[in-house]
Amino acid sequence: KEIDIYAKRAMNYKNLFDPEHKLMRGKNQDGTFQSPFNPLKWGDAFTEGNSWHYTWSVFHDPQGLIDLMGGKAGFNRMMDSVFSVPPLFDDSYYGGVIHEIREMQIMNMGNYAHGNQPIQHMIYMYNYSAEPWKAQYWVREVMDKLYTPNPDGYCGDEDNGQTSAWYVFSAVGFYPVCPGSDEYILGSPLFKKVTLNLENGNKVVIDAANNNKANRYIQSMTVDGQVHTKNYLTHDQLLKGTTINYRMAPAPNQSRGVNDNDLPYSFSKELKSVNNKNKKK
């Protein structure tokens, strides 16, 4: 079937994963990995970025990437490393420092390069690996530090509105990591109250009464009065009109959003489910 061809191709990212470095690595025409490999090298196999940026570009299947990295703990260590490795770089491919590199350097967030689009979804992937509070922490860091009302207050490129769209979504409190799914992945709402007036006449009310600069973590939340532990909201939930209430806190709630049924969509989970059903038949 045609769909089977695309399902197979959707897993091609696994062919670029180097288990030795736990990162994506360029390949030669004969299928061998490019060597030597420097994850800090911009360009070459990666357009205006490096392996630390592009490794996370598995929007449709974060669980598959988590599995490749040895599970949630290994995945979270690699995610943490993006922010903790120094802002070093290899610009030999370009023969000089391009502005995307310089913008990463001055951000003081390790190798996280928010000014360039390929990594902008990465923070939200903590929601797939059962550490959503880290997404809440870093989303606020980026909003507070990299978007300010000053002459130098806008980071990097504004390619087709993506960098400002990231901010608008993130300020509201969620972000569409995989637009082909119906899920908006949770971050940390920036305001005490936001009302979205939808074209169909419905309203989405996002209420976080005790929100402030210190209270960046979601202690608990309800959707239409029901306790909501999932790390996402669905398109249908929003379209029908809904009231989302947050109770924010200065310290993370490390027991919320950590169960398997709280995690957002991943394609490999769907494949496993289909395969299990076929086996039972």
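Here, each number is a calculation from the coordinates, and none is a lab measurement. From a predicted model like this one, the values you see are computed outputs, not experimental measurements. Here Cβ is always computed from backbone atoms with ideal geometry, including for glycine, and neighbour counts include all displayed protein chains.
Side notes on the structure shown:
- Mean residue ellipticity (222 nm) of the chain, computed from DSSP H runs ≥ 4 via -39,500 (n - 2.57), nearest 500: -9000 deg cm²/dmol
- Debye-formula intensities of region 86-138, expressed as log10 I(q)/I(0) at q = 0.14 Å⁻¹, are -0.44 (one equal scatterer per alpha-carbon, no solvent).
- Cross-link pairs exceeding 30 Å in C-alpha to C-alpha distance, out of Lys27/Lys230; Lys145/Lys240; Lys203/Lys230, comprise Lys27/Lys230; Lys145/Lys240.
- Taking all Cα pairs closer than 8 Å and separated by 6 or more residues, the relative contact order of the chain comes to 15 percent.
- Formal net charge of residues neighbouring Gly153 (Cβ-Cβ distance under 14 Å; K, R +1; D, E -1): -3
- Using θ = phi - 60° in the Karplus curve 6.51 cos²θ - 1.76 cosθ + 1.60, the 3J(HN,Hα) couplings for region 51-66 round to 5, 4, 8, 8, 4, 8, 7, 10, 4, 8, 8, x, 4, x, 5, 4 Hz; x is entered for Gly and Pro.
- Sparse-neighbour loop sites [trypsin sites (Lys or Arg not before Pro); region 146-238; at most 11 other C-beta within 10 Å; DSSP]: Lys213
- Once you reduce region 213-258 and region 64-97 to the center of their Cα atoms, the two points are 29 Å from each other.
- From phi via Karplus (6.51, -1.76, 1.60), per-residue ³J(HN,Hα) for region 131-137 in Hz, x at Gly/Pro: 10, x, 5, 6, 4, 4, 5
- Residues whose placed amide H lies under 5 Å from that of Phe174, excluding near-sequence neighbours: Gly187
- Measure of compaction for region 133-281 (Cα Rg per 2.2 N^0.38 Å): 1.16
- Burial ordering of Thr55, Thr243, fewest other beta-carbon atoms within 10 Å first: Thr243, Thr55
- Which of Glu199, Glu270 has the fewest Cβ neighbours within 10 Å, and the rest in rising order: Glu199, Glu270
- Using θ = phi - 60° and Karplus 6.51 cos²θ - 1.76 cosθ + 1.60, couplings along region 40-47 (whole Hz; Gly, Pro as x): 8, 7, 7, x, 6, 6, 10, 7
- Rg and Dmax, both from the Cα atoms of region 1-112 and both in Å, are 15.1, 50.
- Amide H contacts for Tyr154 (H built 1.01 Å from N in the peptide plane; partners 5 or more residues away or on another chain; cut-off under 5 Å): Thr148.
- Ratio of the Cα radius of gyration of region 2-261 to 2.2 N^0.38 Å, where N counts its residues: 1.05
- Footprinting exposure proxy ranking of Ile123, Ile244, fewest other C-beta atoms within 10 angstrom first, gives Ile244, Ile123.
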